[in-house]
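Structure first, then comments.
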Amino acid sequence: MIVGVGVIVAVAVAAMGGGGKDDKSPAGNTESTGRSPSPSLSLPSGFPSLPSSLPTVVPSFPSDLPTGLVPSDLRSLFPSLADDDVPYYLLRKGDCFDTDAALPGQAAKRKCTQPHDAEVVTVSELNGTYTTETALKKAASVLCEAPLQRKAANQAAGTVSQTLVQYPDTGSYATGIDKVACSLAAEVGEGTRKLTGPLK
């Protein structure tokens, strides 16, 4: 069908004369007869004809979708190209970042040599069926517990004081987002103390 539309445009331009070498009107002529040329929009016989009836109704988005299938914060699903904010599930081991309580699913990536809130120790994947936030939180915490304890034990006293476990909500998990970012932090949310270098 698109080929037919392209042919219609080409036929219409050719029918209007389009400035070929047989055009006798002088350049810059401003006289007008008050009539516009009327192009022929018929297709040559070798081309298929356009359908006579095109749909006039645009399908609507279903309003009775089950709740919980689409994450409540769609911004957290897509990285922002304008800044260093990324969804937590795009973080990798060794990434340093700042957090924002207003955007819990986001992380603002930072250089580890500059002040930052946290560093990713490991990224794991959830497996299984989880239908509640409590079940997801518990499973994510179990995945992070041992690696965070091991990494925290290697840090100088007073360096890290919190763990940060980022995991999907039930809606995101239902769409296939299964990453859990396990991080060590200075003081997330309080903003007074920052990590100043990469973890050991």
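The values are calculated or read from the model by the stated rules, or taken from the named source; none is laboratory data. The model shown is predicted, which means the values in this text are computed figures rather than measured ones. Here the Cβ positions follow ideal geometry from the backbone for every residue, glycine too, while neighbour counts run over all protein chains shown. The area values use the complete protein model at the heavy-atom level, side chains included, leaving out ligands, DNA and RNA. Shrake-Rupley method; radii C 1.70, N 1.55, O 1.52, S 1.80 Å.
Heavy-atom accessible surface of the stretch 126-200, averaged per residue, reaches 54 Å², computed with a 1.4 Å probe. Packing-based ranking of 92-98, 132-138, 180-186 yields 180-186, 92-98, 132-138, ordered from highest to lowest mean Cβ neighbour count within 10 Å. Among the listed pairs Lys93/Lys151; Lys111/Lys200; Lys138/Lys200; Lys138/Lys194; Lys138/Lys179; Lys111/Lys137, those with a Cα-Cα distance over 21 Å are Lys138/Lys200; Lys138/Lys194; Lys111/Lys137.
Close amide H pairs (under 5 Å, H built 1.01 Å from N) link Ala118 with Phe97, residues at least 5 positions away or on another chain.
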